[in-house]
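The values are calculated or read from the model by the stated rules, or taken from the named source; none is laboratory data. Just so it is clear, the model here is predicted, and its values are computed rather than measured. Cβ coordinates were reconstructed from backbone atoms using ideal geometry, including for glycine residues, and neighbour counts include every protein chain displayed. Note: areas computed on protein heavy atoms with side chains; ligands, DNA, RNA excluded. Shrake-Rupley method; radii C 1.70, N 1.55, O 1.52, S 1.80 Å.
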Amino acid sequence: VADRAVKEFAIEKSLDDMQAAWTDTAFVVLPYRATGTSVIKVSDEVNTLLDDHIVLTQQFSFSPHKGPFDERIVDWDRKLRLVQEVISEWLACQRNWMYLQPIFDSDDINRQLPAEGKRFAAVDKRWRKTLALVADSPLILAFCDSDELMEQWVEANGELERIQKNLADYLETKRAAFARFYFLSNDELISILSQTKDPNAVQPHLRKCFEAVHAITMTGDECEMTDMISPEKERVEFLSPLRPKGSVELWMGEIEKMMRLSVRDKVEAGIVAYRSSKRADFVLEHCAMVVLAVTQTYWTLEIEAALA
């Protein structure tokens, strides 16, 4: 009897100690940028504590001395597992929300993806409401012991995954319209599409879309495009100025066409100028691409003539 009592007391004391350990264990709630809401932080110590307590409770459930505490053990095990699942779903939702929030904070993206914008707004509303509540009551065990909260995060994660899939499909249509967008990551392409009113937003990404193009000169309120600039600051003027109108993939396509036309025109002019210029003057008066193309052309012609 004494031996059984000692082992039952050990189980009871462990249960009491576990519950006491969660009395003051709380979420760390941090403001998130200038969004007006917050995010949560769950420390490694909390995750370790949760894992250890779940394992220990499971051991008690197999003990032959659990009799007087059977219901308490079952309830405690259910509570810990629910808290673990809620935290897991919550943090997954947080990752997705943090990725999508700045995207759907853009009016341009919301105009182009109205259905996804509404879905995200619904999730965002629930997020803000929940984070306001957890800021007032941050104790992890008390707050997360809720089947309703679990269902909320599962549903929110489903919505955010659907939004991300539709967003990826939308980006694919943009890449299909202008294939050089395949050189950009999703984040880079989104940063362009979320600022369609500002054509200069493409400038940091030009070097990935067009090899050896560092920037395009854009002037005035209409961002009139007049020439392209290499990393070495060499300028090649466009045959005629371009104005970015319509969707970004359309006027990026116009830029690509104008680049081809302009380079072709410069090369044709260089072929004519080469015949009447000294080589040293020709090299300094024309852009590097023209110098290379024209000198190779004449080298080939002269070699063929010599062989003939």
message: Tell me whether the stretch 13-30 contains one or more residues that are in contact with a strand residue (DSSP E or B) (Cβ under 6 Å, 6 or more places away or on another chain), under 30 Å from residue 106 (Cβ atoms) and not β-branched (Val, Ile, Thr).
response: yes
Test for residue 111: is it touching a residue at least 12 places away in the same chain (Cβ under 8 Å) and open to solvent by 70 Å² or more (accessible area, probe 1.4 Å): no
task: Looking only at the stretch 171-185, count how many residues are within 19 Å of residue 117 (Cβ to Cβ) and either buried (at least 16 other Cβ atoms within 10 Å of the Cβ) or touching a Leu at 6+ places or on another chain (Cβ under 6 Å) (or both).
output: 2
query: In the stretch 233-257, which residues are open to solvent by 20 Å² or more (accessible area, probe 1.4 Å), part of a helix (DSSP H, G or I) and at pLDDT 95 or above?
result: 254, 256, 257
query: open to solvent by 50 Å² or more (accessible area, probe 1.4 Å), touching a helix residue (DSSP H, G or I) at 6+ places or on another chain (Cβ under 8 Å) and either at pLDDT 95 or above or not in a loop (DSSP other than H, G, I, E, B) (or both): does that describe residue 292?
result: no
- request: Could you identify the single residue in 91, 100 that is open to solvent by 20 Å² or more (accessible area, probe 1.4 Å), closer than 30 Å to residue 191 by Cβ and either in a helix (DSSP H, G or I) or modelled with pLDDT of 95 or more (or both)?
  value: 91
message: If I filter the stretch 92-99 for residues that are without any contact (Cβ under 8 Å) to a residue 12 or more places away in the chain and closer than 30 Å to residue 5 by Cα, do I get at least one hit?
response: no
- request: Would you mind finding the one in 106, 61, 43 that is surrounded by fewer than 16 Cβ atoms within 10 Å (Cβ to Cβ) and either touching a residue at least 24 places away in the same chain (Cβ under 8 Å) or closer than 22 Å to residue 133 by Cβ (or both)?
  value: 43
task: Kindly provide the set of residues from the stretch 219-247 that are in contact with a Phe, Trp or Tyr (Cβ under 7 Å, 6 or more places away or on another chain) and among the β-branched types (Val, Ile, Thr), ordered by number.
output: 226
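For (1) buried (at least 17 other Cβ atoms within 10 Å of the Cβ); (2) under 16 Å from the mean Cα position of the chain (by Cα); (3) modelled with pLDDT under 95; (4) not in a helix (DSSP H, G or I), each residue gets a yes or a no:
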| position | (1), (2), (3), (4) |
| --- | --- |
| 120 | yes, yes, no, no |
| 124 | yes, no, no, no |
| 127 | yes, no, no, no |
| 149 | yes, no, no, no |
| 153 | yes, no, no, no |
| 158 | no, no, no, no |
| 163 | yes, yes, no, no |
| 190 | yes, yes, yes, no |
statement: residue 302 vs (1) open to solvent by less than 20 Å² (accessible area, probe 1.4 Å); (2) in a helix (DSSP H, G or I): all pass except (1)
